[in-house]
Amino acid sequence: MEKKFELTDKFVINAFGIKLFQIKCTKSFKYANEGDLGGYVEKEDNLSQSGNAWVSGNA
């Protein structure tokens with residue numbers, strides 16, 4: 001399965017001290033286009049690589 005996003009090198013530390021990485025869209029789908037930057041997740045397992053789910057903005 002081709003991945004729809006990847007973690008970037010850009011990160012923030014949340015209020016609980018957890019490092020969250022910004023995601024980047026690697027293939028266009030319903031809510032994002034290839035190359036779009038999204039919100040922040042701790043790890044790839046926190047967002048499905050299938051379907052139309054997307055984390056956007058400062059989420």
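Quick notes on this one:
- On full extension, the segment bounded by Val12 and Glu44 gains 10.0 nm, given 0.36 nm per residue less the C-alpha separation.
- Calculated P(r) tail over 17 Å for the chain, as whole % of Cα pairs: 31
- Rolling a 1.4 Å probe across the protein heavy atoms gives the chain an accessible surface of 68 Å² per residue.
- Split the accessible area of the chain by element, probe 1.4 Å, and carbon with sulfur accounts for 48%.
- Contact order relative to length of the chain, as percent, for alpha carbon pairs under 8 angstrom and 6 or more apart: 30
- Looking at segment 14-59, the chymotrypsin sites (Phe, Trp or Tyr not before Pro) that sit in a DSSP loop and have at most 12 other Cβ atoms within 10 Å of their own Cβ are Phe16.
The values are calculated or read from the model by the stated rules, or taken from the named source; none is laboratory data. These numbers were taken from a predicted model, which means no experiment stands behind them. Note that we place each Cβ from the backbone using ideal geometry, even for glycine, and neighbour counts take in every protein chain shown. The protein model used for the area step is the full one, side chains on, heavy atoms only, and it has no ligands, DNA or RNA in it. Shrake-Rupley method; radii C 1.70, N 1.55, O 1.52, S 1.80 Å.
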